[in-house]
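The structure appears right after this line, and notes come after that.
Every number here is computed from the coordinates shown, using simple stated rules; none is lab data. Worth saying up front: this structure is predicted, and the values here are computed from it rather than measured. So basically every Cβ, Gly included, is an ideal-geometry build from the backbone, and we count neighbours across all protein chains shown.
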Amino acid sequence: MTRLPPVGVVRAATGVRTAIQGLARRMVPPEVGILEVSSAFMASQAVYAVARLGIADVLAAGARTAEEVAADLGTNPDATFRLLRASAAYGIVRHVGDRFDLTAVGRTLVSDSPDSMRSVVLMIGDPRYQSVWGRLPEGVTTGDPQAEAVHGVPMWDLLDRDADYASTFNDAMGRLTELDWPTVAAVYDFTPFGTIVDVGGGHGQLLALMLGAAPAADGVLLEQPSLIGPAEKHLGEAGVLDRCRLVGGSFLETAPDDGDLYVLRRVVHDFDDDQAVALLTILRRHMPSGATLLLVESVVPPGDAPHFTKSLDLDMLLWVGGRERTEEEFASLLERSGFRMTRVVPTISTISLVEARPAD
């Protein structure tokens, strides 16, 4: 595993970067500043177009002209040139002479790259995702999620109904799990636990990674029955299925009774406070008294510095009516559910590990 820099070093570097960005914002007239912020969606859509059209795959072997890219993809040569020229301004490609080549950032859009972020970009740029964000004013006015207003059904029903979008969503979630994992593994030891329960663990990506880090542990996956098949396939491919028990069911109703470590990755943020307390209370009833709870979540930092959780908080509002929380809000949530928070372990990413144990 690649050695990661200490959290303190990354936070110091982030502080410097934030200060430089703040200085840059203050150096332009306010009218220009607001124009830059409000037109940021153009960069997002340009990156989405590069990902969806497969432009990065065409450029993966080396620099090409826009005409050559267009010939490979069957796109309009002039429009392809204009997209590539804009993408160069966003740091996705380099424009040298009449050719375009991928930057390091652009290479994360190559489909078969081990560091590929293409699946995440395809989810974020998808019109089905963007259209819900288009109702942010209505979401702020009412305080209610907006997925149903756009798609006719709540988010989870949309995933059941729309297999194509469900595939896009699950591929992105799997990639984000992989992206978070090295930062989690660098700060948390999973080897003391004999049985690790992944609550709402999707296709089992995180459980497979945790079992890889704890070779003596067994695993339990609790997920909706419709996801058990794909999880079984993934855990088998990861070589850990023989150490796993797969349980079909809802974490809003039940949980395994025999775990040593219960892990919820980005589950609690899907719910408002009362719903989250109901979920955690059910979990507390099933957990042995000496077990540990680990919430893998973003923690909103104090202050007004840029942080991804502040945008993700709006995403939770719009899609499912959930929220991101501060450390104090997590502590309160856990106390209401019969737990005591033991520590919050930061990582170099936007993820933190909120650890708790059943209250005495």
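Footprinting exposure proxy ranking of T141, T347, fewest other C-beta atoms within 10 angstrom first, gives T141, T347. Exposure proxy ranking for L159, L59, based on other Cβ atoms within 10 angstrom of each Cβ and starting from the fewest, stands as L159, L59. Sorting the Cα pairs of region 177-358 by distance into bins of 5 Å, from 0 upward, gives 1, 8, 17, 22, 22, 17, 9, 3, 1, 0 percent per bin. Judged by the gyration tensor of its Cα atoms, with axes a ≥ b ≥ c, region 39-113 is rounded; a/c sits under the 1.5 cut. GNM remark for the chain: springs join alpha carbons under 10 Å apart, and the peak mean-square fluctuation among D171, D218, D274 falls on D274. Applied to region 328-334, the Karplus parametrisation 6.51 cos²θ - 1.76 cosθ + 1.60 on θ = phi - 60° returns per-residue 3J(HN,Hα) values of 5, 5, 5, 4, 5, 4, 5 Hz, with x for Gly and Pro.
Distance from the alpha carbon centroid of region 100-121 to that of region 217-241 works out to 28 angstrom. About its Cα centre, the chain has a charge dipole of approximately 1040 debye under the convention of +1 per Lys or Arg Cβ and -1 per Asp or Glu Cβ, with nothing else charged.
Restricting region 1-102 to trypsin sites (Lys or Arg not before Pro) that sit in a DSSP loop and have at most 14 other Cβ atoms within 10 Å of their own Cβ leaves R3. The simple Förster model, with R0 at 25 Å and r as the Cβ-Cβ distance, assigns A43 and L73 a FRET efficiency of 0.75. Seen from every direction in turn and averaged, the convex hull around the alpha carbons of region 166-275 projects onto 7.1 nm². Given springs between every Cα pair under 10 Å in a Gaussian network model of the chain, which of V240, V199, V37 has the largest fluctuation? Comparing V240, V199, V37 in the GNM, the peak value goes to V37. With an 8 Å cut-off on Cα pairs and a minimum separation of 6 or more residues, tell me the relative contact order of the chain in percent. Once divided by the residue count of the chain, the mean separation gives 13 percent.
The angle between the Cα long axis of helix 225-237 and the longest principal axis of the Cα atoms of the chain comes to about 80 degrees, rounded to the nearest 10. Near E297, once Lys and Arg are set to +1 and Asp and Glu to -1 for all other residues with Cβ below 9 Å from its Cβ, the sum equals +2.
Magnitude of the charge dipole for region 177-358, about its Cα centre and with charges confined to Cβ atoms of Lys, Arg (+1) and Asp, Glu (-1), is about 260 debye. Counted over the chain, the DSSP beta bridges are approximately 50% antiparallel. For region 191-274, the dipole from Cβ point charges (+1 on Lys and Arg, -1 on Asp and Glu) about the Cα centre works out to 400 debye, to the nearest 20.
Using a ≥ b ≥ c from the Cα gyration tensor of region 81-204 (square roots of the eigenvalues), is it rounded, prolate or oblate, where a/c under 1.5 gives rounded and otherwise the larger of a/b and b/c decides, a/b for prolate? Oblate shape, in that a/c is at least 1.5 and b/c is the bigger or equal ratio.
Note on the chain: with a GNM built from Cα contacts shorter than 10 Å, the maximum mean-square fluctuation among A216, A104, A147 falls on A104.
What shape does region 260-333 take by its C-alpha gyration tensor, where a ≥ b ≥ c are the square roots of the eigenvalues and a/c under 1.5 counts as rounded, a/b above b/c as prolate, and the rest as oblate? Judged from the Cα gyration tensor, region 260-333 comes out prolate (a/c at least 1.5, a/b above b/c).
Database remark: amide H of V299 closer than 5 angstrom to the amide H of S352 (H placed geometrically; neighbours at sequence offset of 5 or more, or on other chains; Pro and chain starts carry no H). Legend: calculated FRET efficiency, A359 to E237, from the Cβ-Cβ distance at R0 = 41 Å, rounded to 0.05, equals 0.55. Centroid-to-centroid, using Cα positions, region 40-75 and region 178-214 are 35 Å apart. Per-residue 3J(HN,Hα) values for region 84-99, derived from phi via the Karplus relation 6.51 cos²θ - 1.76 cosθ + 1.60 with θ = phi - 60°, read 5, 4, 5, 5, 5, 5, 8, x, 7, 10, 10, 10, 10, x, 9, 10 Hz in sequence order (x marks Gly and Pro). Using the Cβ of R128 as centre and a radius below 11 Å, the other residues enclosed give a net charge of -3, where K and R count +1 and D and E count -1. If you take the beta carbon distance between D189 and T103 as r and set R0 to 41 Å, what does 1/(1 + (r/R0)^6) give as a FRET efficiency, to the nearest 0.05? Efficiency computed from Cβ-Cβ geometry: 0.65.
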